[in-house]
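The values are calculated or read from the model by the stated rules, or taken from the named source; none is laboratory data. Here the structure is a predicted model, which means the values were calculated and not measured. Cβ: placed from backbone, ideal geometry, glycine included. Neighbour counts: every protein chain shown.
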Amino acid sequence: MNNRELIKEFLSTGLVALFLVLLWVSFLLAAGCTDEGALAKTCGTPCYGGPGKYAEQGECHLGTWVCDGDERTCDGWGSPSPEKCDGLDNDCDGDIDEVQPRWGRDILVNSPCPLPVGVCFWSTAVCMDGQWECLNPATYEAVEVSCDGYDNDCDGTIDGNIIGGDSCYTGPGRTWEALPCHRGFYICEGGVTKCINERTPEPEICDGIDNDCNGLTDDVPATPAPLDIVVVADTSTSMIVPLPRVVQALQEVALALPDDARMAVVDAAQIPSCVYLNHNLGDPVTVMAAHNLSANGAALECTLDAQWKICNEGGLSLDWREDSRKVILGFTDEWTQSHDSPPVQPIQAADACATMGVVPFWWVHHQALWEPAVQNAGGAIFDLSHPNLADSIMNSIQSGCGG
């Protein structure tokens, strides 16, 4: 065997031996000790027997290595447990008392909530500062006072503690002071507070009783006569500004009139006839919708002539009702004018209306000049620039005063 072969055999044998030595050392290291002295060095040091992510969080505290001969165990370490309401981090996730709220109807030992009846069915036990506390709904009442159809105090009885008896009255003002009206008293019924056994005003009838409790017996109002209204509009050029206000006011009045009222429209500046019946007596809303009055460029204002013809039987062939209350609503910015031959005088026009029972109301700028045209007929004169024209018209129709 030459020198080269000796060297190869030595190297191969030595490498195998070295490998075996290293394997034994690594085994001893993995076991935690290489001898009794090394094992002793780990005893009493901190350890954790569960997954490392829980160590030293909440209740998952570290333990201590305990050695027994060649063996060692990790003793006294804390393991995670289901979270409880106790002010501790039981599941070692870094959060304290993250337990879910519990409905009052859920089973919970020593629940702070009332029994789950009535509105307490929606009570909720929540964990606060390590203790269960009860959050009751807004409708909960320790002593029931609300008449609302709920068992607010959770005693099993709906509106059971509501005590009625307080006096009540739903009529207007102090009409309860006039017999036969009188007060009643409150009760709680079906979740609603009711006033019972009261007597409130009723429509007055002819029966010897003060039905409406106003202190007067059998003050039955007379049945009002139906209204027949004739609108007289000056549509000359000078009315170009006020006329739209007049039309707007009349449209509002038409909507507010009684169902049996009728209205006609007469143009007092029509070319060439001067006075023209635009629409005979009919439904006020329909009539005003059909006639959008506007200034037509005429120069003549035949306002007195219009009143004269309206108040002369057959003058304009108006379809008056015999039992109606007849009214003229006239609108002009000029003084009294007549273009008939001979001219109609203001007093003459008023007398004609008085004879026929027609009451004229005019809205004008020259009020003093118009007074003679209405005085003898029970009418009135008002300012064409009235700020509340519709109200003024309604007041004149209802009470004979435009306000």
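Check 67, 60, 43 and return the single one that is in contact with a Gly (Cβ under 7 Å, 6 or more places away or on another chain) and modelled with pLDDT of 55 or more.
On the way: 67 fails: in contact with a Gly (Cβ under 7 Å, 6 or more places away or on another chain); 43 fails: in contact with a Gly (Cβ under 7 Å, 6 or more places away or on another chain).
Just a single option satisfies the conditions, and that option is 60.
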- If we scan segment 353-367, do we find a residue that is of a type in the set (Gly, Ala, Ser) and over 48 Å from the mean Cα position of the chain (by Cα)? yes
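Working carefully through the options 295, 264, 289, 269, find the one that is touching a residue at least 60 places away in the same chain (Cβ under 8 Å) and out of contact with any Lys or Arg (no Cβ under 6 Å at 6 or more places or on another chain). Show your work before the answer.
Working: 264 fails: touching a residue at least 60 places away in the same chain (Cβ under 8 Å); 289 fails: touching a residue at least 60 places away in the same chain (Cβ under 8 Å); 269 fails: touching a residue at least 60 places away in the same chain (Cβ under 8 Å).
Step by step, each of 295, 264, 289, 269 is checked, and only 295 is touching a residue at least 60 places away in the same chain (Cβ under 8 Å) and out of contact with any Lys or Arg (no Cβ under 6 Å at 6 or more places or on another chain).
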- Query: Taking segment 303-324 as the region of interest, how many residues are touching a strand residue (DSSP E or B) at 6+ places or on another chain (Cβ under 7 Å) and in a helix (DSSP H, G or I)?
  - Reply: 6
- All but one of (1) in contact with a Lys or Arg (Cβ under 6 Å, 6 or more places away or on another chain); (2) under 30 Å from residue 116 (Cβ atoms); (3) of a type in the set (S, T, N, Q) hold for residue 167; which doesn't? (2)
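Could you pull out the residue among 327, 344, 359 that is buried (at least 16 other Cβ atoms within 10 Å of the Cβ), assigned to a loop (DSSP other than H, G, I, E, B) and of a type in the set (Val, Ile, Thr)?
Values: 327 fails: assigned to a loop (DSSP other than H, G, I, E, B); 359 fails: assigned to a loop (DSSP other than H, G, I, E, B).
Checking each option against the conditions leaves just 344.
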- Item | Condition broken by residue 209, with the remaining ones in (1) assigned by TED's automatic domain parsing to the domain that holds residue 112; (2) among the hydrophobic types (A, V, I, L, M, F, W, C); (3) in contact (Cβ under 8 Å) with a residue 12 or more places away in the chain satisfied | (1)
- Item | Count - residues of segment 159-186 that are of a type in the set (Val, Ile, Thr), crowded, with 17+ Cβ neighbours inside 10 Å and more than 30 Å from residue 215 (Cβ to Cβ) | 1
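Are any of the residues in segment 159-169 of a type in the set (Asp, Glu) and in a loop (DSSP other than H, G, I, E, B)?
As a first pass, look at segment 159-169 and keep what is of a type in the set (Asp, Glu): 159, 166.
Pick out the ones that are also in a loop (DSSP other than H, G, I, E, B) and you get 159, 166.
Checked against the condition, which is being of a type in the set (Asp, Glu) and in a loop (DSSP other than H, G, I, E, B), segment 159-169 yields at least one hit.
Here's the yes/no breakdown for (1) assigned to a helix (DSSP H, G or I); (2) loosely packed, with under 14 Cβ neighbours inside 10 Å:
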position	(1), (2)
194	no, no
207	no, yes
248	yes, yes
279	no, no
- Note on the structure: Among 173, 156, the single one that is touching a residue at least 24 places away in the same chain (Cβ under 8 Å) and either β-branched (Val, Ile, Thr) or outside any strand (DSSP E or B) (or both) is 156
- Query: Which residue pairs have Cβ atoms closer than 6 Å, lie 6 or more positions apart in sequence or on different chains, and pair a first residue in segment 61-85 that is in contact (Cβ under 8 Å) with a residue 24 or more places away in the chain and more than 17 Å from residue 95 (Cβ to Cβ) with a second residue that is of a type in the set (Phe, Trp, Tyr) and in a loop (DSSP other than H, G, I, E, B)?
  - Reply: 77/48
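Yes or no, residue by residue, for (1) of a type in the set (Asp, Glu); (2) crowded, with 16+ Cβ neighbours inside 10 Å; (3) in contact with a Lys or Arg (Cβ under 9 Å, 6 or more places away or on another chain); (4) not in a helix (DSSP H, G or I):
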residue: 336; (1), (2), (3), (4): no, yes, no, yes
residue: 349; (1), (2), (3), (4): no, yes, no, no
residue: 369; (1), (2), (3), (4): no, no, no, no
residue: 386; (1), (2), (3), (4): no, yes, no, yes
residue: 390; (1), (2), (3), (4): no, yes, no, no
- Scan (1) free of Cβ contacts under 8 Å to residues at least 24 places away in the same chain; (2) in a loop (DSSP other than H, G, I, E, B); (3) over 30 Å from residue 100 (Cα atoms) for the single condition residue 142 breaks and write down its number. (3)
